[in-house]
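Peer 1: Next up is a structure, given as structure tokens.
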Amino acid sequence: MTDTASTFADWSLYETPLSKGVASLSFMVDGIHCPACVARIEAVLDGAPGVVAARVNLTNRRLRLDFEKEVADPQMLVERVEAQGYRLVPFAPDALENEDTAHEKMLLRALAVAGFAAANVMLLSVAVWAGAAQDMGSATRDLLHWLSALIALPAIAYAGRPFFHSAWGALRHAGVNMEVPISLAVLLAAGMSLFQTIERNPHTYFDSAITLLFFLLIGRYLDRRARGRARSAVSHLMVMQATAVTVLDDQGKSRTIAPQQVSAGMTVLVAVGERVPVDGVISQGVSDLDTALITGESLPQPSNVGDKVFAGTVNLTGPLRLEVTAVGEETLLAEIVRLVEAAEQGRARYVVLADKVARLYAPAVHGLAALTFVGWLVFSQIGWEIALLNAIAVLIITCPCALGLAVPVVQVIASGRLMRDGILLKSATALERFARVDMVVFDKTGTLTLGRPELVDGGDYSPSDLACAAAMAVSSRHPLSRAIIAAAPSVVALEGVREVPGAGLEAPDGTRLGNRHFVGVAEADGEDSSFNPELWLVRSGADPVCFTFHDSLREDGEEILKKLKSMELPVSLLSGDRPPVAAALAGRLGIEDWQAGCSPADKVARLSQLEEEGRHVLMVGDGLNDAPALTAAFVSLSPSSAADISQNAADAVFQGARLAPVTETLAIARKADRLVKQNFGLAFAYNIVTIPLAMAGLVTPLIAAAAMSASSLVVIGNALRLGKRRRA
């Protein structure tokens with residue numbers, strides 16, 4: 001970011017009206033690294049005049065500020081935040097992604113510099129140690145020390161910037177974070193080493209300083225990558241809203257305008273294949289609408305004059321004219337945005353255990369180091385140099401390297417293990433939450449089922465009936481037509497077939513393929529269509545033929561449901577589909593707790609109810625209608641066939657047609673949770689043993705660095721056990 005938000009004069013250009021007298025502003029915040037930053041920003045704004053709500057999303061660094069326009073001064077509120085050392089600009093998803101990419105590249109460059117310097121300085125240190133055992137001359141030793149300084153000092157200045165900048169920002173505002181002891185240890189070790197080199201003393205600690213930076217940069221980069229994968233679902237919804245709209249003016253001429261210029265009462269044209277940009281009522285035209293992203297319904301819905309349509313649906317078969325009823329913040333799509341946003345704000349306040357511990361840990365480290373320095377200076381006869389060296393040893397040996405790696409190392413190994421099984425973790429805290437799951441809620445279409453209709457084998461039709469229907473179906477993009485074509489892929493297309501939107505297909509000889517009303521089949525002449533979709537083929541001189549379709553259950557669906565029950569995890573079904581369809585599937589899978597016809601708000605409401613009951617719910621679903629539920633749930637999982645928005649709302653995405661990743665993710669998460677707790681135990685045990693030794697002057701900074709590195713390696717080695725597969 002190059003400009004702060006204070007350079008923007010007209011705030012009304014960025015305001016979003018919420019209600020009478022209340023507006024919202026969204027900012028991108030530069031400089032936040034941890035939940036403490038989130039709490040600081042929200043505390044500064046919550047007490048300001050006219051502020052209705054102030055929430056920061058740590059995942060995408062977005063600040064949403066709701067305020068009373070007649071009371072609050074946006075400029076003053078921005079200045080309050082910037083006075084804390086953060087920079088603000090109006091929120092822009094593209095700018096956020098570009099900045100994240102640039103920051104990751106900067107961390108990689110710092111990591112490369114630190115690794116290169118650490119390797120070379122360590123080689124020089126080995127030469128000094130070997131020379132000390134073989135009567136190396138002092139001039140040679142001093143030369144090696146100066147070479148170490150020439151390599152280490154510029155590398156520390158460059159590679160330590162992520163920590164130094166954050167530590168200085170905290171200190172300037174009377175705060176302390178995990179980077180403060182890290183920065184102090186690195187700078188004091190480097191400064192003392194330079195002093196020792198100038199004084200021609202035998203010991204320097206450049207290797208300790210640069211190696212410490214190298215290990216910590218690994219943790220910082222891994223954490224950044226994990227957060228980068230958790231891209232906000234709201235950003236993708238906003239992109240979906242940003243489309244041009246074709247409207248008819250009073251003279252009947254069409255023109256294209258921006259969505260912000262559309263108002264209620266206008267007439268909007270929606271061509272075949274276009275996404276509906278507004279909420280409205282069909283004033284002219286008949287078509288089939290793909291409403292799966294909104295309702296979760298697997299089949300396109302026939303739509304006629306007078307029917308309501310919603311932004312986000314796709315027009316499949318015929319051009320439509322709509323009378324606009326809602327635009328912008330009033331559309332159903334905008335309501336889904338608000339639901340997702342509200343759920344994400346709740347998640348942004350989720351604090352990882354390491355961050356909680358670090359808040360108390362950093363002041364304790366500083367106190368112990370200061371106590372060591374004063375104690376040795378007052379109660380011993382040694383000089384200040386030795387007292388400072390002992391204090392540096394305490395800072396180094398107690399630096400939270402193992403603590404900082406305890407979570408991200410397990411996450412990376414678990415992510416790699418899951419990735420090999422076709423599961424992608426997208427949230428930095430997903431593993432912790434998967435481990436605490438005590439209930440699983442499934443969507444139906446596209447989750448328990450494959451989400452695509454298939455022709456039922458063995459129906460009351462002949463091969464010639466199928467060939468005739470497939471020859472006509474080639475002319476249509478309707479999912480049921482594609483299912484017929486899949487059953488007879490080698491058929492030759494019939495010429496002159498006409499598609500009647502919302503009804504079916506008609507051949508030149510009068511043969512019809514479509515719904516029973518289109519072909520003239522009475523309800524009594526066929527089976528009840530409430531459970532499975534159907535198409536009817538009517539030819540001259542022949543009896544009507546019915547083609548029935550079903551949405552196939554995922555091949556291991558029943559097995560996985562049984563396995564979840566064996567894991568003592570209750571299972572529930574929330575579906576936007578019709579009650580008969582949901583009831584049939586629930587009965588087949590033995591799911592007693594199910595609901596059908598659920599809207600996005602219904603699913604969120606049910607999840608909120610379960611949360612109030614103390615449940616930690618895993619939501620498994622796909623489709624735009626599931627995005628708020630996926631985000632509101634304690635943790636969420638989505639198939640890779642899901643809509644883009646749901647993949648971004650979910651905490652993890654799995655590939656393939658099987659449901660096995662659900663139980664696999666839960667099993668690995670539980671093991672990862674045990675390893676994280678073990679790593680925390682190892683880190684604290686290490687400090688309990690080594691801190692007294694360092695304070696007693698029994699540990700030099702070099703040994704302290706070795707001990708600190710060893711603690712990190714122990715934590716990493718323990719985490720590597722997660723990568724081992726169990727033999728069948």
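Peer 1: Take peptides 77-83, 631-637, 608-614, 493-499 and line them up by average Cβ neighbours within 10 Å, highest first, as a rough protection proxy.
Peer 2: For the peptides 77-83, 631-637, 608-614, 493-499, the packing ranking is 631-637, 77-83, 493-499, 608-614.
Peer 1: Take the Cβ-Cβ distance between Leu377 and Trp146 as r, set R0 to 41 Å, and report the resulting FRET efficiency rounded to the nearest 0.05.
Peer 2: E(calc), rounded to 0.05, equals 0.90.
Peer 1: Hey, another quick one. 5 Å is the cut-off here: which amide hydrogens, built 1.01 Å from N in the peptide plane, fall below it relative to Met439, excluding neighbours closer than 5 in sequence?
Peer 2: Answer set, sorted by chain and number: His616, Leu618.
Peer 1: Take Cys546, Cys598 and order them by how many other Cβ atoms sit within 10 Å, fewest up front.
Peer 2: Details: Cys546 19, Cys598 25.
Least to most surrounded, the residues fall as Cys546, Cys598.
Peer 1: Grab the beta carbon distance between Ala271 and Glu555, set R0 = 41 Å, and tell me the FRET efficiency rounded to 0.05.
Peer 2: Values: r = 38 Å, r/R0 = 0.93.
It comes out at approximately 0.60.
Peer 1: Could you sort 579-588, 652-661 so that the peptide with the highest average Cβ count within 10 Å comes first and the rest follow in order? It would help to have the intermediate numbers written out before the result.
Peer 2: Working: 579-588: 17.3, 652-661: 19.8.
In decreasing order of mean packing, 579-588, 652-661 become 652-661, 579-588.
Peer 1: Run the quick spin-label model on Ala542 and Ala710: label points 7 Å from Cα toward the beta carbon, then report their separation in nm to one decimal.
Peer 2: Using points 7 Å along Cα→Cβ, the separation is 8.4 nm.
Peer 1: Separation between the Ala522 and Tyr158 pseudo-spin-labels, each 7 Å from Cα along Cα→Cβ, expressed in nm?
Peer 2: Calculated label separation equals 8.7 nm.
Peer 1: Separate question: Which order do peptides 443-453, 476-486, 712-722, 248-258 fall in by mean Cβ count within 10 Å, highest first? Numbers along the way, then the final one.
Peer 2: Numbers: 443-453: 24.1, 476-486: 19.7, 712-722: 18.2, 248-258: 9.5.
Going from most to least packed, we get 443-453, 476-486, 712-722, 248-258.
Peer 1: Please compute the modelled spin-label separation between Met567 and Glu199, points set 7 Å along Cα→Cβ, answer in nm with one decimal.
Peer 2: Computed distance between label sites Glu199 and Met567 equals 6.0 nm.
Peer 1: Next up: Can you compute the FRET efficiency between Ala83 and Met106 using 1/(1 + (r/R0)^6), with r the Cβ-Cβ distance and R0 = 25 Å? Round to the nearest 0.05. Could the numbers behind the result be given before it?
Peer 2: Numbers: r = 26 Å, r/R0 = 1.03.
With R0 = 25 Å, the Cβ-Cβ based efficiency is 0.45.
We did not get these values from a lab; they are worked out from the coordinates using the rules stated. These numbers were taken from a predicted model, which means no experiment stands behind them. With ideal geometry, Cβ positions are generated from the backbone for all residues, glycine too; neighbour counts draw on all protein chains shown.
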